[in-house]
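Have a look at the structure below before the remarks.
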Amino acid sequence: MDHSEETHVTVLPPNKEKIKKLWTVAGILGVITAFEFLIAFTMHHGPLKTTIFVGLTIVKAGYIVGEFMHLKYETKVLFWSILIPIIFIAWMLVAFVYEGMAISLVR
Amino acid sequence: MASTSATVAPGKSAWDGGVSPMGVSYGKLMMWFFLLSDAFTFSALLITYGLVRSSHHAYTGTVEAFKFSQNYWPIPEKVYSSIPFFHGLEAPLVFVGLMTFILIMSSVTMVLAVEAGHRMDRPAVEKWMVWTILGGIAFLGCQAWEWTHFITGTEYGQSVAEGTKFFGANLVHNQYGPPDFADFFFFITGFHGFHVFSGVCFNFLIYYNTVTGVYDRRGHYEMVEKVGLYWHFVDLVWVFVFTFFYLV
């Protein structure tokens with residue numbers, strides 16, 4: 001392999017602060033998942049349990065999209081271009097689950 | 001990317017041309033909008049699942065007294081309660097918890113590869129890409145096991161007619177509950193697994209290009225970032241599948 005062109009590449013030292021932050025986010029995701037397991041076996045099935053699970057899932061999704069996918073640090077217009085459609089999707093989910101519960105009453 | 005955050009001339013808007021108004025390159029922006037459209041597809045599947053599931057009766061008794069029945073939707077800790085090599089051991093959600101852990105860890109190694117790419121650090125990108133690929137393959141292996149167990153079923157089975165029993169699940173019969181339950185399981189986890197498989201292929205391509213020095217010659221590692229976005233999205237979808245299929 002020709003090594004002459006690789007001499008132009010400047011390798012920077014690891015960004016310790018950034019790497020530490022990424023591992024912190026990973027730790028938070030792990031702790032939330034462990035907490036979800038705890039709830040799965042200690043709480044009775046019901047609307048409260050479901051609400052907690054959905055809430056924790058949204059927190060996890062926020063960390064993955066915001067930190068790992070870096071969306072939090074992108075321009076405002078990109079941030080909202082992604083988020084606004086998702087808000088409509090969330091509403092669609094709520095509406096259809098509500099509709100399904102109504103169907104179960106007449107079954 | 002410094003080249004995309006050009007300053008806007010006085011009296012001009014960022015949308016008048018010459019700069020990227022969203023501050024990212026064309027490729028990255030298109031990846032974001034592809035992922036948004038992919039999110040619509042997954043949402044369509046999950047919303048349909050939510051509608052059909054909530055239109056079935058829920059199980060109201062205690063967890064201990066639970067029995068598989070066609071009359072109500074099963075509770076997840078009774079369906080997914082096996083781990084490989086420990087036949088007969090009740091270990092609810094342990095295996096799927098391991099799968100979740102594997103996928104989150106491979107997301108972390110991916111973001112570390114992206115960080116190394118920003119620094120043009122080729123050996124570090126190679127190292128973290130190998131870990132990411134291994135994580136993806138491990139997840140796919142677990143899923144193959146999960147599917148095999150789901151299709152094969154438990155020894156209890158489900159009586160379908162006088163004297164006949166059905167074991168496991170396919171698209172028509174399902175020992176665990178209503179057939180719809182198995183259909184959604186196959187479609188949603190299958191569609192997600194297909195994404196993981198494509199992701200592993202893309203990751204391997206990135207790894208190959210890194211090793212052969214393509215990105216060093218190009219002068220940047222942005223492809224690692226773009227495929228990284230896709231890989232994180234696959235992890236993100238799993239977070240939702242995990243909640244709606246295995247926890248709720």
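The values are calculated or read from the model by the stated rules, or taken from the named source; none is laboratory data. None of the values given here were measured: they were computed from a predicted structure. Cβ atoms come from the backbone with ideal geometry, glycine included; neighbour counts cover every protein chain shown.
What to note about this one:
- Positions within region B:207-248 being within 21 Å of B:Met30 (Cβ to Cβ) and facing another protein chain (nearest Cβ under 7 Å), in sequence order: B:Leu229, B:His232, B:Asp235, B:Leu236
- Out of B:Gly219, B:Gly177, sole residue that is modelled with pLDDT under 95 and surrounded by fewer than 21 Cβ atoms within 10 Å (Cβ to Cβ): B:Gly219
- Criterion (at the interface with another protein chain (Cβ under 7 Å from one of its Cβ atoms), under 17 Å from B:Leu93 (Cα atoms) and not hydroxyl-bearing (Ser, Thr, Tyr)) met by exactly one of A:Ala26, A:Ala34, A:Ala40: A:Ala40
- Residue count, region B:10-66 (criterion: part of a loop (DSSP other than H, G, I, E, B) and of a type in the set (Val, Ile, Thr)): 5
- Test: residue in region B:78-87 that is over 26 Å from the mean Cα position of the chain (by Cα) and either surrounded by fewer than 12 Cβ atoms within 10 Å (Cβ to Cβ) or farther than 20 Å from A:Leu38 by Cα (or both): yes
- B:Thr48 vs. criteria of a type outside the set (Lys, Arg), under 30 Å from B:Phe95 (Cα atoms), surrounded by fewer than 16 Cβ atoms within 10 Å (Cβ to Cβ) and facing chain A (nearest Cβ under 9 Å): no
- The helices (runs of 4 or more DSSP H) falling completely within region B:162-248 that include 1 or more residues that are farther than 30 Å from A:Leu12 by Cα and among the β-branched types (Val, Ile, Thr) map to B:190-211, B:222-241.
- Flag for B:Leu29 being under 21 Å from A:Ile39 (Cα atoms) and either of a type outside the set (Gly, Ala, Ser) or more than 8 Å from every other protein chain (Cβ to nearest Cβ) (or both): no
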